[in-house]
Amino acid sequence: MKDTAIGSAVRSAHDIRETARRLASVREAALAGALAADAPPGEDSPDAPRPVIGESWLRVIGWGVDPERDRAQHPLSVAELEHRRQNSQLMTVLPVLNDGLLAAADAAQQIMVVTDAEGRVLWREGSAPVRRMADRLGFDKGADWTEGVVGTNAIGTALVARRPVLVHSAEHFVRSHHQWTCAAAPLHDPRDGRLLGTVDLSGPAHSFHPTTLSLVSAVARLAEGELRIRHHASLERLRSSAAPVLARIGGRALAVDPNGWTAGVSGMTPPDRVALPKAPQAGPLWLPRYGMCTLEPLPGGWLVRIGRDEPAAGPSRVLLDVSGRDGATVTVTGPAGGWTHELSPRHAELLFVLAVHHPDGRSAAELAQDLFGDRSRTVTVRAELSRLRRHLAGVLAHRPYRFADGVEVELRLPSRPGRLLPQSSAPAVAAARRG
């Protein structure tokens, strides 16, 4: 059947049953060897699967997936699942996905599933009875839903095909999934096209509706649009903080975000993007098109000084000001001048502890004890530090977490210890208040 055949043919419960029987016959023929070298998947024949399904079946046969038996799942640990969630860009668009799909999922007796680019289920919401059915398949948070583990399915096949995919009934390669229908669309980073994961609607085969795939695809595009809006907003924030720095520089320079997208320039025509290394560091750096440059940290990005034949930028100075009642700030001073960033309460606590323990630093477990009184909460600590380092690139180091070597750190405290970060309940801050 061609790609549109299911959507156009299924119109009633009777049609759904007939389609399921026909798909089961196609699958049995394929497993019996009907997909010979001279009859490639997708041939216009009533006994041939749709091309996207036939190609997937050939892949999973090659990987040794058993069509009659599920492979054992090895789900992520709770800590690893939380780490992946906190570091996934998809967390920021969950409200868009929920608004667009959860009501439809509940009404149609389906569940909404969001995975990362490796096919790991990060979030699962929707109909409680269907969630219980999914539990029996191991289709739960942390599960691996790639083709090599569960065979042909909308999530795993969409990750390979890089396009929206519907898989209905016996189009699933493994027999235990034949009572399901699922539609998934890939989600991409609009900045560079990188695959971020998938969003999927899954449910019993009788819940099939021909518009499901279109709905999932449309909501995926809305989520990518939200990511694009957030990217533009972050560039605007970087542009605002970089403007006074660029105004003081003589010569060519750029302000770019961590992915190299340009927020501002001085003395040159602005490029759309600069090819930064994956993990740039402050100091001299050779860049394609520009030659030797010097990188200096900015809040939420980098200052790139073009064509400067000079040594690495000297040690920066960091002033952590926790003396006021209205919040805390961090000011970073480097060769191009200084900038100030307002801190969230949690980030103020983290930087306070690191400043107190400068230059030795703290492990994730030690910081968890300092902030929560619980050494096991390392996932939360790492996630918060990951966010903080987006603003303090080149200033903070890790293993252990600390201010980078050569950074001069000044801690400005309130006149009375009892006024230190008054809203904080962190054990380390409470101990400092007591003197």
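The values are calculated or read from the model by the stated rules, or taken from the named source; none is laboratory data. All values reported here derive from a predicted model rather than from experimental measurement. With ideal geometry, Cβ positions are generated from the backbone for all residues, glycine too; neighbour counts draw on all protein chains shown.
Structure notes:
- Residues in the stretch 330-371 that are of a type in the set (Lys, Arg) and assigned to a strand (DSSP E or B): 362 only.
- Out of 217, 169, 234, one residue alone is surrounded by fewer than 23 Cβ atoms within 10 Å (Cβ to Cβ), at pLDDT below 95 and over 14 Å from the mean Cα position of the chain (by Cα). It is 234.
- Number of positions in the stretch 191-221 that are more than 23 Å from residue 140 (Cα to Cα) and touching a Gly at 6+ places or on another chain (Cβ under 6 Å): 1
- Some residue of the stretch 399-412 being in a loop (DSSP other than H, G, I, E, B), among the hydrophobic types (A, V, I, L, M, F, W, C) and under 20 Å from residue 280 (Cβ atoms): yes
- Unmet requirement for residue 381, which otherwise passes all of (1) under 30 Å from residue 256 (Cβ atoms); (2) at pLDDT 90 or above; (3) outside any helix (DSSP H, G or I): (3)
- With respect to the conditions (1) farther than 25 Å from residue 409 by Cα; (2) at pLDDT 85 or above; (3) not polar (S, T, N, Q), residue 309 lacks only one, and its number is (2).
- Filtered residue count, the stretch 70-85, keeping only those that are under 17 Å from residue 124 (Cβ atoms) and part of a helix (DSSP H, G or I): 6
- Identification of strands (runs of 3 or more DSSP E) wholly contained in the stretch 181-297 with 3 or more residues that are within 30 Å of residue 159 (Cβ to Cβ) yields 195-204.
- Whichever residue in the stretch 186-208 is crowded, with 23+ Cβ neighbours inside 10 Å and over 15 Å from the mean Cα position of the chain (by Cα) and, among such residues, is farthest from residue 101 (Cα to Cα): 208
- Which numbered condition residue 211 fails, given (1) of a type in the set (Val, Ile, Thr); (2) over 16 Å from the mean Cα position of the chain (by Cα); (3) crowded, with 23+ Cβ neighbours inside 10 Å: (3)
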